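Participant: What follows is a single structure, and I will ask about it in a moment.
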Amino acid sequence: MLKDFLQIRYQAFREALACVGLGLRDTRHAGLWWRSALCSMAVVFLWLWLYYRFAGFFQELSMATALVGVGGLLSLGVLNLGPGMASGPATLSNMGSIVNLNALGGLAKTLLSVVQVALVLLALVAFVYVLIFVVGTLSTARVAAPWVCLRRAREVVARRYADWQPAAVDVAAPNRLRQALSLLALLIPVWTAFVLLRALIAWNVRFMYPAAAEGLLDTDQQRRLAAAQGPAIFMLGLLLVLMMLVPFLNLLAPAVVCTSVCHLQRRGWVKPVSVHR
């Protein structure tokens, strides 16, 4: 079970990586690269201004999100505040000429645990602060991409798949019990943060998916193919987020979002269990 899960994710990662590579290659054509660069610079300057103008809001949002994450880690026992003073209380009755080493040891462990929690909190604040900027810029660029790059990207990619026809894809019926358990799992703070992070990473690709398939796939075919390509969609979104962290390469993100999604749809990779036989 775990082996199959990891194998599918590995295949999805390879497929997403191939689509990003093909998408980068296609940005050389139809003026995609300079249109993408201008769009990216405008979006980055917009978000830099937003971070400067509303610095307090973004700091508070990052802190609140990090506090929820740390609270979840504490509730699950991943982090703890140490044994505290309870393991060796330094009361008046035992504070004489003899130093209560157990109490000092408990105090030292508590202080170390507090420092550990504080460092984790700071790391989460910095991570969320950067993540909001990256996801925000990529999402804004994605909103502009259909008008700036998508039509040209579809034309460029279509030339490489002249005889392409959509394959029949069969998707299993949704598991109601699994869906119910997933909803109940959202009550766990750490799991909720993971689900939200996963949704944010894949959101840009999923939002672009129908626009890229317009005129090629009907609504039902889009739904089935998107469901079957779920792991590859997430991996593609992850690679695009990482691409936003690379200077100069991130200028091509709007065009690569368009071209890579078009390649993903036409290459037709699906989860092995979803192939219609």
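Participant: Provide Y209, Y129 in ascending order of the number of other Cβ atoms located within 10 Å of each residue's Cβ, fewest first.
Facilitator: Y129, Y209
Participant: For labels at R267 and W34 in the simple 7 Å Cα→Cβ model, what's the distance in nm?
Facilitator: Going by the 7 Å Cα→Cβ label model, 2.9 nm.
Participant: Additional query: Near A226, within a Cβ-to-Cβ distance under 12 Å, what is the net charge of the other residues, with Lys and Arg +1 and Asp and Glu -1?
Facilitator: Cβ neighbours under 12 Å give a net charge of +3.
Participant: Could you please report the charge total around Y161, scoring K, R as +1 and D, E as -1 over all other residues with beta-carbon less than 15 angstrom from its beta-carbon?
Facilitator: Taking every Cβ under 15 Å from that of Y161, the sum is +3.
Participant: Along Cα→Cβ, 7 Å out, is where each label goes; now give me the distance between the ones at Q165 and V246 in nm to one decimal.
Facilitator: Each label point lies 7 Å from its Cα, and together they span 3.7 nm.
Every number in this text was worked out from the coordinates using simple rules, so none of it is lab data. Since this is a predicted model, take the numbers as computed values, not measurements. Neighbour counts are summed over all protein chains in view; Cβ atoms, including those assigned to glycine, are modelled from backbone coordinates with ideal geometry.
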